[in-house]
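Beneath this line is the structure, given in structure tokens, with notes to follow.
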Amino acid sequence: MEFSSKLLENAVYEMSQLPGIGKRTALRLVLHLLKQSERQTEQLSSALTVLRSTVRFCTNCHNISDTELCEICANPKRDGTLVCVVEDIRDVMAIENTGQYRGKYHVLGGKISPMEGIGPQDLTIASLVNKVKQGEINELIFALSSTMEGDTTNFYIFKQIEGLEVRTSTIARGIAVGDELEYADEVTLGRSILNRVPFEGSLRTN
Ligand SMILES: [Zn+2]
């Protein structure tokens, strides 16, 4: 792509670094921003800058939060003995949208993936195992997508907490194998949490 302006080329390059944005789309977006008022572009860039520099993670569940404890963890009506293990904030949002879940979460920050060089130490697994060891949790619900990485991560955590005083379950497989949670419809996802099955049982049938 030949650019008549280095400034334009730089902006298009940076935009094209985002997932799912090719060079052509990047150019379209940048030209769109140029047509808008300067103030609108400033609001966009300042929202991103402020987010990046001040974003925090809940000290309990590791979800993205504006405060030390996120709203879910700080809510006394939520059952802290029931913890749903998810990959990231998109899964928390998907499950919250079902309106069916009154427990808390533990956000891993990803899945174990040797292909992408992500190991257990890159995730918040140690903090989860600690919470279980402290006896704060009665039941862990594994709600990772049932991809190879999701299954590997579930199994790794399961092995870490084996023998400790905690029940483990996994969301019922109304969710098709390989589906990402965020794409499941609310009714299906809500039901699969209510109808969760013991984790060990799910291992045998897989
Ligand atoms: Zn939290």
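So which residues in region 158-187 are surrounded by 15 or more Cβ atoms within 10 Å (Cβ to Cβ), among the aliphatic types (A, V, I, L, M) and either at pLDDT below 90 or touching a strand residue (DSSP E or B) at 6+ places or on another chain (Cβ under 7 Å) (or both), if there are any at all? Please lay out each step first, then the result.
To start, the set of residues in region 158-187 that are surrounded by 15 or more Cβ atoms within 10 Å (Cβ to Cβ) comprises 158, 160-161, 166, 168-175, 179-182, 184.
Narrowing further to those that are among the aliphatic types (A, V, I, L, M): 161, 166, 171-172, 175, 181, 184.
Within region 158-187, Val166, Ile171, Ala172, Ile175, Leu181, Ala184 qualify.
For region 30-39, the criterion of a residue being in the same structural domain as Lys131 (by TED's automatic domain parsing) and buried (at least 18 other Cβ atoms within 10 Å of the Cβ) is satisfied by no position. Here Ile118 fulfils each of the conditions (1) within 18 Å of Ile171 (Cβ to Cβ); (2) free of Cβ contacts under 8 Å to residues at least 60 places away in the same chain; (3) not charged (D, E, K, R) apart from (1). Please go through region 1-52 and give me each residue that is part of a helix (DSSP H, G or I), under 30 Å from Asp66 (Cβ atoms) and of a type in the set (Ser, Thr, Tyr), ordered by number. Thr41, Ser45, Ser46, Thr49, listed by residue number.
Only a single criterion out of (1) surrounded by fewer than 17 Cβ atoms within 10 Å (Cβ to Cβ); (2) within 25 Å of Ile141 (Cβ to Cβ) is not satisfied by Glu42, namely (2).
Would it be correct to say that Gly103 is within 16 Å of the ligand (Cβ to nearest atom), surrounded by fewer than 20 Cβ atoms within 10 Å (Cβ to Cβ) and within 19 Å of Ile157 (Cβ to Cβ)?
Details: within 16 Å of the ligand (Cβ to nearest atom): yes; surrounded by fewer than 20 Cβ atoms within 10 Å (Cβ to Cβ): yes; within 19 Å of Ile157 (Cβ to Cβ): yes.
Here the answer is yes, as Gly103 does meet what is asked.
Residue count for region 106-128, restricted to those that are over 13 Å from Thr153 (Cα atoms) and more than 12 Å from the chain's Cα centre (by Cα): 4.
Report yes if some residue within region 68-87 is exposed (fewer than 12 other Cβ atoms within 10 Å of the Cβ) and within 16 Å of the ligand (Cβ to nearest atom); otherwise report no. Before the answer, list the steps.
Initially, region 68-87 is screened for residues exposed (fewer than 12 other Cβ atoms within 10 Å of the Cβ), giving 76-77.
Among the residues that remain, those that are also within 16 Å of the ligand (Cβ to nearest atom) are: 76-77.
The answer is yes; a qualifying residue exists.
The values are calculated or read from the model by the stated rules, or taken from the named source; none is laboratory data. The structure presented is a predicted model; accordingly, all values stated were derived computationally and were not measured. So basically every Cβ, Gly included, is an ideal-geometry build from the backbone, and we count neighbours across all protein chains shown.
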